[in-house]
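Data first, discussion second: the structure below is written as structure tokens.
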Amino acid sequence: MLFDFAHVPFSRRGRFLTLSTMEGAVWLRSVKGGDLKPSLGRLCRVSFIGPDGKGREVAWTLAPERLVAEAAEGRVEFCIGDGERLHLRGKGLGVAFDLTGSRYDYAYRTPQGDHCLVAAAESTRLLPRVTKGAVTVTGDWRRDRADNVAMIFSGDAGFEGAIDLFPALPPPPASVGFDAVLAETGSDFASWLARTPAGGTQEARRLAAYLLWANTVPAEGALTRPAIYMSKNDMINIWSWDNAFSALGVAAMDEGLAFDQFGAIFDHQHPSGLLPDFVNDRDVSFAFTKPPVHGWAVLRLIERHPDWLTEDRRQALVGWFSAQVGYWLTHARKGASSLPVYFHGNDSGWDNATFFAEGGPVITPDLPTFLILACDCLASLDRERSAAWQAEAGQLYSQLIANLWTGETFGTRLAADPARLRTDQSLIGFMPLLLGPRLPREMAAKLIGRLKAGGWISDWGPATESTASPLYEADGYWRGPIWAPTTMLLWDGLMRQGEVTLARDIARRFCRMCEKSGMAENFDALSGTGLRDRAFAWTSAVYLWLAASLEEGGETSGGRP
């Protein structure tokens with residue numbers, strides 16, 4: 001069962017409001033403030049009460065439009081309406097929402113007589129209302145705060161109501177009931193799913209579509225545009241390479257939202273051209289950055305969706321990408337005769353990968369590859385400077401070959417020890433396959449032979465560190481597990497080299513893994529088991545893209561490897 005509430009949160013497109021399972025409990029959350037906040041937006045712990053006043057364990061059923069909790073005596077249903085409003089109704093069970101207990105939590109009555117609970121540390125107010133049954137609010141006053149603040153919905157004949165989350169003034173009461181909200185939400189998701197490209201199994205395609213839909217949050221604060229968070233579990237930011245894969249995943253469903261994924265990051269581009277590491281509604285972090293995959297992504301996006309490139313978008317992309325390339329070539333290298341570096345593993349996106357085992361800065365083959373593709377993209381978008389961008393790409397290519405080609409593969413160098421060319425067992429060495437016909441056939445053939453023989457391709461896809469490497473770790477983050485973005489990059493590189501059979505084989509393996517284990521952050525390369533956060537947007541995006549590519553080729557991904 002892929003729609004497993006133990007791993008997959010319940011939310012809706014354009015909302016911060018989320019219900020999710022964390023640390024063995026179910027929480028009402030507002031996923032604002034980013035993933036560095038210890039609470040991760042937890043507001044209230046959710047529990048259920050039987051007719052005898054005692055707690056009840058429940059079984060959960062998750063669907064895009066509704067979350068249901070059931071016990072022997074009855075059930076409680078949840079759906080999400082306008083704004084940050086949780087609708088709920090129940091019969092046979094009551095449901096309690098206990099504030100998590102920060103220093104100044106309290107409850108009060110508004111002038112209109114409504115209860116209002118204040119989660120002070122989260123800067124959030126919660127206002128419960130009922131149209132049937134009752135809501136009881138409790139709290140023990142302690143001089144300047146209240147302990148044990150909770151709201152409990154119940155009713156002998158059942159209850160129906162809503163909880164509004166807001167920062168300052170409460171919205172007016174809901175004008176429609178649970179059934180109307182449920183129908184509207186279901187219709188919204190059905191329309192989204194109908195635009196999702198065909199391919200893959202029905203359940204996996206539905207889950208991937210749901211996660212891209214539900215992981216979207218509205219423009220607010222530092223978020224200048226609607227943004228697709230990686231997850232509404234732990235990873236509640238938009239990062240500046242994750243966004244490129246999310247854009248590819250949603251372009252078929254909402255081309256404006258796809259463009260917004262670039263804009264949400266590039267709107268905060270530093271005057272130097274540096275991109276932030278991540279953005280959320282409250283923070284823009286420049287502690288790290290991420291690799292410049294955006295030119296590659298736009299080339300692929302235009303290839304599949306030619307009408308996406310409007311004139312306004314073209315002009316914006318030229319400005320953004322010109323500055324981005326300028327940053328790497330001006331501030332991340334010594335001069336025009338050297339290659340740019342990553343200062344930290346996080347800058348590469350492969351946070352703790354083995355090519356950073358000795359620290360940094362590190363010269364890696366993927367960075368010039370992405371910059372060459374960014375120049376290729378600019379050459380097609382920036383008509384006045386097309387020749388200059390082609391020349392820049394040519395110079396970067398010459399430096400890549402001269403500095404990092406070992407004769408058998410692409411290695412890495414420490415900036416502090418440039419004479420030593422290291423031959424890593426990381427998948428990073430295969431990223432120059434993305435250069436397509438620019439890469440001499442004999443070089444590509446050596447890379448592909450090494451890829452096939454070197455322990456990278458498991459039954460489930462390409463491991464980020466060869467499974468034969470002494471540094472391989474099954475749950476080592478970027479030291480072994482399979483990741484969606486690197487799978488797609490390798491797939492595309494093989495397609496660009498004309499290695500269609502191998503590329504499709506990798507796509508089939510990856511899609512089968514997602515159909516078995518869901519849309520996890522990453523996967524054990526040998527077992528295909530999902531690891532870490534289990535409700536990830538870029539995994540969903542890559543699954544939909546690769547499943548569609550197999551469908552277009554007359555293949556399916558279902559079955560066993």
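Take the range 207-241 and flag every residue that is touching a strand residue (DSSP E or B) at 6+ places or on another chain (Cβ under 8 Å) and farther than 24 Å from residue 65 by Cβ. Answer for the range 207-241, where residues must be touching a strand residue (DSSP E or B) at 6+ places or on another chain (Cβ under 8 Å) and farther than 24 Å from residue 65 by Cβ: 222, 223, 237, 238, 239, 240. Taken over the range 34-45, the residue count meeting the criterion of being assigned to a strand (DSSP E or B) and either surrounded by fewer than 19 Cβ atoms within 10 Å (Cβ to Cβ) or not assigned by TED's automatic domain parsing to the domain that holds residue 94 (or both) is 1.
Would the range 440-450 turn up any residue that is in a strand (DSSP E or B) and assigned by TED's automatic domain parsing to the domain that holds residue 375? For the range 440-450, residues in a strand (DSSP E or B) and assigned by TED's automatic domain parsing to the domain that holds residue 375: absent. Contact list please: Cβ distance under 7 Å, first residue in the range 188-209 and at negative phi, second residue of a type in the set (Val, Ile, Thr) and modelled with pLDDT of 95 or more, pairs at least six apart or on different chains. Pairs that qualify, where the first residue is at negative phi and the partner is of a type in the set (Val, Ile, Thr) and modelled with pLDDT of 95 or more, are 205/196; 209/196.
For the range 210-229, which residues satisfy the criterion of being part of a loop (DSSP other than H, G, I, E, B) and closer than 19 Å to residue 189 by Cα? 215, 218, 226, 229 - these are the residues of the range 210-229 that are part of a loop (DSSP other than H, G, I, E, B) and closer than 19 Å to residue 189 by Cα.
State the number of residues belonging to the range 46-74 that are assigned to a strand (DSSP E or B), farther than 24 Å from residue 184 by Cβ and not β-branched (Val, Ile, Thr).
First pass over the range 46-74, keeping only residues assigned to a strand (DSSP E or B): 46-49, 55-56, 59-63, 66-71, 74.
Of the ones still in play, those that are also farther than 24 Å from residue 184 by Cβ are 47-49, 55-56, 59, 71, 74.
Checking which are not β-branched (Val, Ile, Thr) leaves us with 47-48, 55-56, 59, 71, 74.
So the count comes out to 7.
When you scan the range 373-383, do you find a residue that is of a type outside the set (Lys, Arg) and without any contact (Cβ under 8 Å) to a residue 24 or more places away in the chain, even just one?
First pass over the range 373-383, keeping only residues of a type outside the set (Lys, Arg): 373-382.
Then keep just the ones that are without any contact (Cβ under 8 Å) to a residue 24 or more places away in the chain; that gives 379.
Yes, because at least one residue in the range 373-383 is of a type outside the set (Lys, Arg) and without any contact (Cβ under 8 Å) to a residue 24 or more places away in the chain.
Answer yes or no: is there a residue in the range 75-82 that is surrounded by fewer than 17 Cβ atoms within 10 Å (Cβ to Cβ) and either assigned by TED's automatic domain parsing to the domain that holds residue 149 or part of a strand (DSSP E or B) (or both). Yes; the residues of the range 75-82 include at least one that is surrounded by fewer than 17 Cβ atoms within 10 Å (Cβ to Cβ) and either assigned by TED's automatic domain parsing to the domain that holds residue 149 or part of a strand (DSSP E or B) (or both). Taken over the range 102-131, the criterion of being touching a Gly at 6+ places or on another chain (Cβ under 8 Å) and of a type in the set (S, T, N, Q) is satisfied by 131 alone.
Let's see how each residue does on (1) within 21 Å of the chain's Cα centre (by Cα); (2) outside the structural domain of residue 508 (by TED's automatic domain parsing); (3) surrounded by fewer than 20 Cβ atoms within 10 Å (Cβ to Cβ); (4) free of Cβ contacts under 8 Å to residues at least 40 places away in the same chain:
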site	(1), (2), (3), (4)
164	no, yes, no, no
171	no, yes, yes, no
175	no, yes, yes, yes
218	yes, no, yes, no
223	yes, no, no, no
238	yes, no, no, no
241	yes, no, no, no
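The set of residues in the range 379-398 being of a type outside the set (Gly, Ala, Ser) and either within 29 Å of residue 310 (Cβ to Cβ) or within 33 Å of the chain's Cα centre (by Cα) (or both) consists of 381, 382, 383, 384, 385, 389, 390, 392, 396, 397. For the range 13-22, the criterion of a residue being assigned to a loop (DSSP other than H, G, I, E, B) and touching a Lys or Arg at 6+ places or on another chain (Cβ under 8 Å) is satisfied by at least one position. A single entry from 411, 407 fulfils the requirement of being in contact with a strand residue (DSSP E or B) (Cβ under 7 Å, 6 or more places away or on another chain) and either of a type in the set (Asp, Glu) or over 15 Å from residue 333 (Cα atoms) (or both): 411. Consider residue 31 carefully, then state whether it is under 20 Å from residue 91 (Cβ atoms) and either surrounded by 18 or more Cβ atoms within 10 Å (Cβ to Cβ) or in contact with a helix residue (DSSP H, G or I) (Cβ under 6 Å, 6 or more places away or on another chain) (or both). So residue 31 fails the test.
Checking the stated criteria, residue 465 turns out not to satisfy the condition of being surrounded by fewer than 21 Cβ atoms within 10 Å (Cβ to Cβ) and assigned by TED's automatic domain parsing to the domain that holds residue 312.
Taken together, 433, 421 contain a single residue that is over 13 Å from residue 368 (Cβ atoms) and in a strand (DSSP E or B), which is 421. Contact map, the range 505-516: first residue under 15 Å from residue 536 (Cα atoms), second residue among the aliphatic types (A, V, I, L, M) and assigned to a helix (DSSP H, G or I), Cβ cut-off under 7 Å, separation 6 or more or different chains; pairs are 510/546; 511/546; 511/547; 511/550; 514/204; 515/204.
Restricted to the range 85-123, and to residues there that are of a type in the set (Asp, Glu) and surrounded by fewer than 23 Cβ atoms within 10 Å (Cβ to Cβ), the residue that is modelled with the highest pLDDT is 98.
The values are calculated or read from the model by the stated rules, or taken from the named source; none is laboratory data. In this text the structure is predicted, and so the values were computed from the model without any measurement. Using ideal geometry, Cβ is built from the backbone for each residue, glycine included, and neighbour counts are taken over all protein chains shown.
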